[in-house]
1. How do the pairs read when you match residues in segment 62-85 that are surrounded by fewer than 24 Cβ atoms within 10 Å (Cβ to Cβ) with residues anywhere that are charged (D, E, K, R) and outside any helix (DSSP H, G or I), using Cβ under 7 Å and keeping only pairs 6 or more apart or on different chains?
2. Under 6 Å by Cβ, and 6 or more places apart or on different chains, what pairs join a residue from segment 190-203 that is over 23 Å from Ile228 (Cα atoms) with one that is β-branched (Val, Ile, Thr) and modelled with pLDDT of 95 or more?
3. Given Thr167, Thr196, Thr143, which one is β-branched (Val, Ile, Thr), more than 23 Å from Val317 (Cβ to Cβ) and under 19 Å from the mean Cα position of the chain (by Cα)?
4. Only one of Thr242, Thr258, Thr225 is assigned by TED's automatic domain parsing to the domain that holds Gly191, over 17 Å from the mean Cα position of the chain (by Cα), within 22 Å of Trp164 (Cα to Cα) and surrounded by 22 or more Cβ atoms within 10 Å (Cβ to Cβ). Can you tell me which?
5. Looking at segment 10-51 only, could you name the residues that are over 22 Å from Ala262 (Cα atoms) and in contact (Cβ under 8 Å) with a residue 24 or more places away in the chain?
6. List the helices (runs of 4 or more DSSP H) inside segment 11-111, counting only whole elements, that have at least 3 residues being out of contact with any helix residue (DSSP H, G or I) (no Cβ under 9 Å at 6 or more places or on another chain), among the hydrophobic types (A, V, I, L, M, F, W, C) and at pLDDT 95 or above.
7. From the list Leu299, Leu304, which one is within 15 Å of the chain's Cα centre (by Cα), farther than 25 Å from Pro208 by Cβ and part of a helix (DSSP H, G or I)?
8. Taking Thr143 as the residue in question, decide whether it is surrounded by fewer than 24 Cβ atoms within 10 Å (Cβ to Cβ) and within 30 Å of Glu204 (Cα to Cα).
Amino acid sequence: MQSNRSVVVYGAYGHTGRFVVSELRRRGWTPVLSGRDAGKLDTLATDHSGLAVRPASIDEPASLDRALKGAAAVINCAGPFASTAGPVIEAALRARIPYLDVAAEVEANIDTFALYADRAREAGVVVVHAMAFYGGLGDLLATAAMGDWTSADDISIAYGLDSWHPTAGTLVAGQVSRQRRDGRRVVFANGKIAYTTNTAPVVEWEFPAPVGRQQAVSEFTMADTVTISRHIQVPEIRSYMTLAAVKDLTDPGHKAPTASDASGRSSQTFMVEVIARRGGEERRAIASGRDIYAFTAPLVVEALARVVGGKVHTPGVLTAGEAFDARDFLASLGPELLSFQVR
């Protein structure tokens, strides 16, 4: 077992951060509670007695250095990542420790690869970006579906959410992204990210049972498009999101996730289907589970365990599909957490 089990969770008091703290403790790690709001950290600490509390501001590098001192790694759960990723990565580079985050912002993902790929590699530091439901899961599924293929003609990702009750962090991140896009939408075509002002079409997608046929918004580009295109040669990536989930997300009277059990997970369910096509042949991977935010915690903590455990030998900024054996990783999560199959 790794001797140093101390892991800084930046943004520990956020919705996803709380799940990450609990998952780390369940798996025998020692979380260090960090973030910008000292009061919220102290409140969280009352539920997790014995854990260190280290407030830190992205505007004060010295405070981040103090927060990361002596830790084996840092997991950044504090959005919007357009603001937090850079400063926390810088601190991880100074500390020479792995950095992981759960960023789902398309532009923030692009920025991290552009700004830190070379620097992290030169520093010998592993940075696993977007290790979350959006960004990580889709990339792992696409990599698993590809198998021995190194390229595809196109990849489709269909998100079958029965509903999407967004957290406050999701709403803030969405606002930041909309400001950067200036009213445009993100699409991926001809091998690159592009922007359009056209209205996204609504189509029908036939998910496997029990989800079945659903209306879905096409060109609903998420972080998976960025992560997949980093290491798979594919000119077209098409994304689809169930219309019901899009309506929830854009409803002015949106509801936050509500816990349905003692773990804090909501009853919301998901199915993600990824189809890779090449020369008339199709390969696909399908996964289903519950609560996209709660699911992120075991995903990023499993990634942490593999990185800190020395199973990732290439430094630099990596995606889930690049860093890990995709099929083994998904299978390791267990059927009680994720139903997963490759066809």
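1. Arg66/Arg54; Ala72/Arg5; Pro80/Glu105; Ala82/Glu105
2. Correct list of pairs: Val202/Val217.
3. That would be Thr167, the only listed residue that is β-branched (Val, Ile, Thr), more than 23 Å from Val317 (Cβ to Cβ) and under 19 Å from the mean Cα position of the chain (by Cα).
4. Answer to the selection: Thr242.
5. Tyr10, Val32, Ser34, Gly35, Arg36, Asp37
6. 38-45
7. Leu304
8. Criteria not met by Thr143.
The values are calculated or read from the model by the stated rules, or taken from the named source; none is laboratory data. Quick caveat, the model's predicted, so the values are computed rather than measured. Glycine gets a Cβ as well: all are built from the backbone with ideal geometry, and neighbour counts include every protein chain shown.
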